[in-house]
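Here the structure comes first, spelled out in structure tokens, and everything after it is commentary.
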Amino acid sequence: MAFLSAIVPFLIAIVILFRLYAKFKLSYWKRRGVESLPTDAIFGNFKEALLFRKAPGWFLGQLHKAAKSNATVLGFYIFHKPCILIRDPDIIKQMFVTDFENFSDRHFAGSKQKDSTGMKNLFGLKNPTWKYVRSKITPTLTRGKLKEMLPLMMDTGEPLMHYLENQRTDENGIKNADAQNLSLKHCTDLTASIAFGTKTDSFRGLNTEFSHAFMDFFQGMKRMTALIAVFFIPEIIEFYGGGVFVKPDFVKTVFWNALKSREESKEKRGDFIDSLIKMKNDEQNSDFKLDGENLLFQSGMFLSGFESSATTTAFTLMELANNHEYQEEARNDINKAIEKHGLTYEAFNDMKYVDQCISESIRLHPPISTLDRYTRQDYKIPDTDIVIEKGTAVYVSLYGMHEDDRFFDEPLVFNPNRFDNDMKISDAYLPFGIGPRSCVATKLGQLHVKVVLATILREYQVNQLSKDKAILNPKSTFTAAANGINLQFKKIVS
């Protein structure tokens, strides 16, 4: 009893001190005159995401929507860490374009650079290294390079269609399949072919070790946990280190075998390995040499890049399955372009209505739904009294911006016509980022999506299996359906 009598006041004192500490930390934005929301004493404003109850990217969009409609910024907290959410397109442009030098680094992966296939490439590199590497990567994604990659994309579509063809049909000739799973398996084969110079068939279990490793990369719990850390709590990564995304030893073995074989054979395949060999043999920058593991890290860029376009493919199929008039118009667009140009790069480039469908799908279902930046120096937002302190995490929610009725009429309605050439697109539309740090591989991702959509829609009418909306995976920082995207595929009889 004496022990309890002594310990209880001590515990009470700790609780009181913690509450006082939390109250002070969680009043940071109020003290700086910035709008904020009610907080949890432990989790700040991010409890539902940190406990994997809500998809983190989507939940950030809910914070965007919870602010006053005229608020240009919103202060919020991840645990007790103050972060700021930008809600105004003009301020986003000012910070990410005009004042880019102060926001040239992503908050992604923290203030220190760690070796990792997921971080030491264009996604995570800090400036000025990022600028140098981008100058080397950009020439590998030109129109000419995309033309060379197109046959590889077409080849990886064959196993997907073979898989669909062999699915059981009901009495109406309808097959059921998970579009998300189809897209991710195709994405695995495409990543293997273009980024690692290795042929796989994830649908029939060929090269199963590679396929299993990368399906685990896309869907594994370890990687999902790592993503919420690198986007929202990167301080953890600074202690934990690299190698948090994929099995590094296995990836290294596949990569180096492909690179060595290509160098010895001097074969030109039209993939990224060809470009990496050229980079390796070019004059090097002493601050970041494109040799050794730095070459491997650049191939890692394609993992999340192709995953994003696979997500876009699956959700676009879902929306077209729910909107047959748009699906039919997209199919006519595909057939018309192929009839005019054949199965060529020019044909896919001419599919303008398919582009509109993709743009609208990305607006509603942004694959990477959060833009993040690290404030390099104290920054006063123009025409305000708000000063963002050095080191503050800056976020833009694409779910928030794209579903904001200040910028889009009927924002929750799928309507590809809002991207017609005659329509002005709001500056709030930011699926590929903005400014110098915008996505370098936008054209490659769009080509990937169009190849898969055209391949499927030429042969199948896609129908909804359920009227229920896809539920987002609460463990995934990137956009992903928790239970897949189950659709009906009915063979088109000409």
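The values are calculated or read from the model by the stated rules, or taken from the named source; none is laboratory data. Quick caveat: nothing in here was measured; it's all calculated off a predicted structure. We place every Cβ from the backbone using ideal geometry, glycine too, and count neighbours over all the protein chains shown. Accessible surface is based on the protein model in full, side chains and every heavy atom, while ligands, DNA and RNA are left aside. Shrake-Rupley method; radii C 1.70, N 1.55, O 1.52, S 1.80 Å.
Numerical summary
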{"quantity": "Residue within the range 286-298 that is buried (at least 19 other Cβ atoms within 10 Å of the Cβ), more than 24 Å from the chain's Cα centre (by Cα) and either hydroxyl-bearing (S, T, Y) or modelled with pLDDT under 90 (or both) present", "calculated": "yes"}
{"quantity": "Qualifying residue in the range 160-168 (condition: modelled with pLDDT under 90 and in contact with a Cys (Cβ under 9 Å, 6 or more places away or on another chain))", "calculated": "no"}
{"quantity": "Selection from the range 235-256 of residues that are in a helix (DSSP H, G or I) and either modelled with pLDDT under 65 or not hydrophobic (A, V, I, L, M, F, W, C) (or both)", "calculated": "E235, I237, E238, F239, Y240, P248, D249, K252, T253"}
{"quantity": "The range 118-132 residues that are of a type in the set (S, T, N, Q), paired with ones that are modelled with pLDDT under 90 and assigned to a loop (DSSP other than H, G, I, E, B) (beta carbon under 6 Å, 6 or more apart)", "calculated": "N121/G300"}
{"quantity": "Filter pass, G44 being in contact (Cβ under 8 Å) with a residue 40 or more places away in the chain and closer than 18 Å to S397 by Cα", "calculated": "no"}
{"quantity": "Residues being under 23 Å from the mean Cα position of the chain (by Cα) and surrounded by fewer than 16 Cβ atoms within 10 Å (Cβ to Cβ) - total across the range 66-85", "calculated": "0"}
{"quantity": "Test set (1) at pLDDT 95 or above; (2) hydrophobic (A, V, I, L, M, F, W, C); (3) under 25 Å from the mean Cα position of the chain (by Cα) - F306 fails condition number", "calculated": "(1)"}
{"quantity": "Boolean, T312 is surrounded by fewer than 24 Cβ atoms within 10 Å (Cβ to Cβ), touching a Ser or Thr at 6+ places or on another chain (Cβ under 9 Å) and either under 20 Å from L184 (Cα atoms) or of a type in the set (V, I, T) (or both)", "calculated": "no"}
{"quantity": "Selection within the range 135-153 - open to solvent by 50 Å² or more (accessible area, probe 1.4 Å) and in a helix (DSSP H, G or I)", "calculated": "S135, T138, P139, R143, K145, K147, E148, P151"}
{"quantity": "Check on T156, open to solvent by less than 40 Å² (accessible area, probe 1.4 Å) and without any contact (Cβ under 8 Å) to a residue 40 or more places away in the chain", "calculated": "yes"}
{"quantity": "Matching option when the condition is of a type in the set (A, V, I, L, M, F, W, C), crowded, with 20+ Cβ neighbours inside 10 Å and more than 21 Å from M401 (Cβ to Cβ), among L60, L26, L51", "calculated": "L26"}
{"quantity": "Members of the range 477-494 found to be more than 30 Å from F231 (Cα to Cα), in contact (Cβ under 8 Å) with a residue 12 or more places away in the chain and open to solvent by 20 Å² or more (accessible area, probe 1.4 Å), listed by number", "calculated": "Q488, K490, K491, I492"}
{"quantity": "Within the range 178-200, considering residues that are surrounded by fewer than 22 Cβ atoms within 10 Å (Cβ to Cβ) and farther than 25 Å from L141 by Cα, the one farthest from the chain's Cα centre (by Cα)", "calculated": "D178"}
